[in-house]
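Comments concern the structure below.
The values are calculated or read from the model by the stated rules, or taken from the named source; none is laboratory data. Fair warning: this is a prediction, and the values are worked out from it, not measured in the lab. In this analysis, Cβ positions are derived from the backbone assuming ideal geometry, glycine residues included, and neighbour counts consider all displayed protein chains. When the accessible area is computed, the model is the full protein with side chains, heavy atoms only, and any ligands, DNA or RNA have been set aside. Shrake-Rupley method; radii C 1.70, N 1.55, O 1.52, S 1.80 Å.
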Amino acid sequence: MRVALFVTCINDFLHPRTGQAVVTLLERLGVEVAFPAEQSCCGQPQFNTGYRHATEPLVRRFDRAFKDYDYVVTPSGSCAAMVRDNYPRIAAKAAAEGRGRELTDAAALAVPKTYELTEFLVDVLKVEDVGAYYPHTVTYHPTCHGLRMLGLGDRPRRLLSQVRGLELRELPGAEECCGFGGTFAVKNPAVSAAMGADKVRHLIGTGAEAVCTVDNSCLLHIGGTLARQGSPIRPVHIAEILASTEDAPMDGRKAHTSADGSVR
Amino acid sequence: MNGAYLGMPAFPRAAAAATRDGRLRANLTHATHTIRDKRARAVAELDDWAQLRAAGAAVKDRTLRHLDHYLEQLEAAVTAAGGQVHWAADAEEANRIVTELVRETGEREVVKVKSMATQEIGLNEALAEAGIRAYETDLAELIVQLGNDLPSHILVPAIHRNRSEIRDIFLAEMGRWGRPAPEGLSDSPAELAEAARLHLREKFLSAKVAISGANFMVAETGTLVVVESEGNGRMCLTLPETLISVVGIEKTVPTWQDLEIFLQLLPRSSTAERMNPYTSTWTGTTDGDGPGTFHLVLLDNGRTDTLADTVGRQALRCIRCSACLNVCPVYERAGGHAYGSPYPGPIGAILTPQLRGVEGALESSLPYASSLCGACYEVCPVAIDIPEVLVHLRERVVEGGEVTRRGTRAVLRPARGHAAERAAMRAAGWVFDRPGVLRAGMRLAARTRRLHPRRLPGPGRAWSQTRELPAVPAESFRDWWQRTRGTGTESARQGGEGT
């Protein structure tokens, strides 16, 4: 089984610990992970803002980077959804505009082998207890793309429920969007902030120490809003919880409150 | 288009104002959450909902593919049943036809049952210019009309008003339009409903002309269908001498059997009822029963152009249930008026820019009035993939491209005001396709991270006004991998690629 990590640009640049956690976790489960360095962005920011043509080279790049692997695992529900839902659309539109079959072939190869991390653990590795230890109260926010485009269902919760020491707190209005939405946060700042404020109010109400999701992009917005309000709730990617063990604990990040490089 | 909506600010500005209106947000949040929970329960009662939804989408798609055929069948059936069919290519033509039809009767007043198509074309304003007064008879439409207001929801046009506001409107305005509200009117629902009932009853019994919309038109028999809760529509459809129905051409279904699907999908999605209280059907004219004269005005107004767009045409499946509004987190905060048309919420964000074109400031901002969370697609009873159409229309805004205008192919230029964004997106695309450049950029950002501002200028300012910026870590994942694992999987081709 040749498995490649698709770390995604946000994780590569802003949340390297999430990528490191995926590597640690998968290796602990006996999977040899490769990181093809020619990988890049999935193209979601460009595609969702209307610049479809700018995403075509990135579809080809994805194909080149991962063509030698059986599985592509990514710690991002929205990037996995981009590949699975939108690469075929990009290919179909390119074909309709008279461009060749290469994008169609690239999309056809990418779709079935691309997995969001929790899907890969539950569906491919068939594991729900990953041997994690995380002695904290945690609430789970199911991100929109993970929930509705990928249909992750209760996979993340099943994984979290097996983590020793972890107490899962119910989040009211969990399935409502946090208000990030990529460029939406910049194009409609007032509505995005209002949605973020409501999400954070619900998060604080749970009394949990940490909020976890399958997507750091949503956590960027949620964490930024929490930090501005002075809330001590830590945003933490589910990979970092699942990678945490008694011998090697991970305590979540403090990236939003420390610009001095305390994140290693 | 409806003149009342012209001059509306672009969506983000209007929405920002709405988010600061505490009472509006409280009214909207309460109403949308109540109805969304009820809808979820009503839908969960049916174990074949997924099949019904697929069937609804399939019937609509098949009908739209052969719309010319079914419209001709409909016209022949309506005519054979004693009705008269008029074709209106746009709002002006529809308003002219209706105005002339009312003038021929010699009447100066008409009653109306809620019709979004007449809102879309601004019929009330056109009639007023011709000296004809139109009385809205749907309770919520009455509240909107008396309040000199605009509808803000498809099903509940006065959703933005609470009971005490409605009482104040009734007391202040009813007398100017007919029977005044009783003195000492309270804000209890029963008293408000009774005041409206007495006020409207006088209109129903005196009106000679009625104007209606329709939820469906059955091509095989030429029958029109209105689905409602109050029974006011039935009064309009049966009591006057002349009935003029203004209906969008996409409301056609081929047969009565098709109604079986939609009469299950619509009430549960819309009011969360198993069945709506009043379903009225009318076919042409019948001697001694109901209106003696019946006119059907078939409205295009951008619909056939929308039909020509292979991605966007699914918006024409819409049965106006408003389920997408009630689950939309953006609608809940922005309110219906921000969408600047009678079609608010997610469906409005894709329908309005297609019917009107994307060139206007409002229209070009509507496809961006969504976080693409997908809740609207999930609840849509005819499975309109609203996020897909939103992204499709965003491309039309920023890149231009081929569109159909009044049946002719035209090439649209990219919208103004996106030049900086376009350049940034292209630059980002260029960098992302060159991992070596990407890595160098990330290293530079990491080395200078202590110098990064805590507040951003330009478009990023909107972000840092309400949210802390993330700190840039000292080392990217890519560099960590290379430092700890070596360059084993780094492709030798990478250096020369994409240059």
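Of the strands (runs of 3 or more DSSP E) lying entirely inside the stretch B:203-277, those containing at least 1 residues that are surrounded by fewer than 24 Cβ atoms within 10 Å (Cβ to Cβ) span B:216-218, B:223-228, B:242-248. The set of residues from the stretch B:104-137 being in a helix (DSSP H, G or I), among the polar types (S, T, N, Q) and open to solvent by less than 10 Å² (accessible area, probe 1.4 Å) comprises just one member, B:Thr118. Would you be able to say whether some residue in the stretch B:85-103 is among the charged types (D, E, K, R), more than 28 Å from the chain's Cα centre (by Cα) and assigned to a strand (DSSP E or B)? No, the stretch B:85-103 has no match at all. Of everything in the stretch B:355-397 that is touching an Asp or Glu at 6+ places or on another chain (Cβ under 7 Å) and either within 9 Å of chain A (Cβ to nearest Cβ) or assigned to a helix (DSSP H, G or I) (or both), the residue that is farthest from B:Met116 (Cα to Cα) is B:Tyr377.
Check the stretch A:66-83 and report whether any residue there is in a helix (DSSP H, G or I), surrounded by fewer than 22 Cβ atoms within 10 Å (Cβ to Cβ) and out of contact with any helix residue (DSSP H, G or I) (no Cβ under 7 Å at 6 or more places or on another chain). No, the stretch A:66-83 contains no residue that is in a helix (DSSP H, G or I), surrounded by fewer than 22 Cβ atoms within 10 Å (Cβ to Cβ) and out of contact with any helix residue (DSSP H, G or I) (no Cβ under 7 Å at 6 or more places or on another chain). Taking the stretch A:39-69 as the range and being over 30 Å from B:Pro414 (Cα atoms), without any contact (Cβ under 8 Å) to a residue 40 or more places away in the chain and more than 20 Å from the chain's Cα centre (by Cα) as the test, only A:Arg64 passes. Look at the stretch A:14-26: where a residue is touching a residue at least 60 places away in the same chain (Cβ under 8 Å) and more than 8 Å from every other protein chain (Cβ to nearest Cβ) and a partner is small (Gly, Ala, Ser) and open to solvent by 10 Å² or more (accessible area, probe 1.4 Å), sitting 6+ places away or on another chain with Cβ atoms under 8 Å, you get A:Thr24/A:Ala248. Check B:Asn148 against each of (1) surrounded by fewer than 22 Cβ atoms within 10 Å (Cβ to Cβ); (2) touching a strand residue (DSSP E or B) at 6+ places or on another chain (Cβ under 8 Å); (3) not basic (Lys, Arg) and name the one condition it does not meet. Going through the list (1) surrounded by fewer than 22 Cβ atoms within 10 Å (Cβ to Cβ); (2) touching a strand residue (DSSP E or B) at 6+ places or on another chain (Cβ under 8 Å); (3) not basic (Lys, Arg), B:Asn148 breaks only (2). Show the residue pairs meeting these rules: Cβ distance below 6 Å; 6+ apart or different chains; first residue within the stretch B:424-447 and facing chain A (nearest Cβ under 9 Å) and surrounded by 15 or more Cβ atoms within 10 Å (Cβ to Cβ); second residue among the hydrophobic types (A, V, I, L, M, F, W, C) and not in a helix (DSSP H, G or I). What qualifies is B:Phe432/A:Cys41; B:Ala445/B:Val472; B:Ala446/B:Val472; B:Ala446/B:Ala474.
Would you confirm whether any residue within the stretch A:101-111 is in a loop (DSSP other than H, G, I, E, B), open to solvent by 60 Å² or more (accessible area, probe 1.4 Å) and over 24 Å from B:Val330 (Cβ atoms)? Yes, the stretch A:101-111 contains at least one residue that is in a loop (DSSP other than H, G, I, E, B), open to solvent by 60 Å² or more (accessible area, probe 1.4 Å) and over 24 Å from B:Val330 (Cβ atoms).
One line per residue, one yes/no per condition, for (1) more than 7 Å from chain A (Cβ to nearest Cβ); (2) at pLDDT below 85; (3) assigned to a helix (DSSP H, G or I); (4) open to solvent by less than 80 Å² (accessible area, probe 1.4 Å):
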site	(1), (2), (3), (4)
B:Pro453	yes, yes, no, yes
B:Glu475	no, no, no, yes
B:Arg483	yes, no, yes, no
B:Thr489	no, yes, no, yes
B:Gly495	yes, yes, yes, yes
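Just one of B:Arg313, B:Arg303, B:Arg320 is of a type in the set (Lys, Arg) and either touching a Cys at 6+ places or on another chain (Cβ under 8 Å) or open to solvent by less than 20 Å² (accessible area, probe 1.4 Å) (or both); which is it? So that I can check it myself, show each step before the final result.
On the way: B:Arg313 fails: either touching a Cys at 6+ places or on another chain (Cβ under 8 Å) or open to solvent by less than 20 Å² (accessible area, probe 1.4 Å) (or both); B:Arg320 fails: either touching a Cys at 6+ places or on another chain (Cβ under 8 Å) or open to solvent by less than 20 Å² (accessible area, probe 1.4 Å) (or both).
After applying the criteria, what remains is B:Arg303.
Restricting attention to the stretch A:191-241 and to residues that are more than 26 Å from A:Ala132 (Cβ to Cβ) and charged (D, E, K, R), the residue that is most open to solvent (accessible area, probe 1.4 Å) turns out to be A:Arg201. A search for C-beta distances below 6 Å between a residue of the stretch A:175-196 that is at the interface with chain B (Cβ under 7 Å from one of its Cβ atoms) and any residue that is open to solvent by 30 Å² or more (accessible area, probe 1.4 Å) and assigned to a helix (DSSP H, G or I), counting only pairs 6+ apart in sequence or on different chains, returns A:Val186/B:Pro459; A:Asn188/B:Pro12; A:Ala193/B:Thr466. Residue check: is B:Val78 assigned by TED's automatic domain parsing to the domain that holds B:Leu299, within 18 Å of B:Phe216 (Cβ to Cβ) and modelled with pLDDT of 95 or more? Yes. Please verify whether A:Ser76 is more than 8 Å from chain B (Cβ to nearest Cβ) and not hydrophobic (A, V, I, L, M, F, W, C), treating the condition exactly as stated. For A:Ser76, the condition - more than 8 Å from chain B (Cβ to nearest Cβ) and not hydrophobic (A, V, I, L, M, F, W, C) - is met.
Residues in the stretch A:41-59 that are open to solvent by less than 10 Å² (accessible area, probe 1.4 Å), at the interface with chain B (Cβ under 7 Å from one of its Cβ atoms) and among the polar types (S, T, N, Q): A:Gln46, A:Thr49. Within the stretch B:331-345, residues that are in a loop (DSSP other than H, G, I, E, B) sit with their Cβ atoms under 8 Å from residues that are of a type in the set (Val, Ile, Thr), at 6+ positions apart or across chains, in these pairs: B:Gly336/B:Ile159; B:Gly340/B:Thr352; B:Ser341/B:Thr352; B:Pro342/B:Ile154; B:Tyr343/B:Ile154; B:Tyr343/B:Thr352; B:Pro344/B:Ile154.
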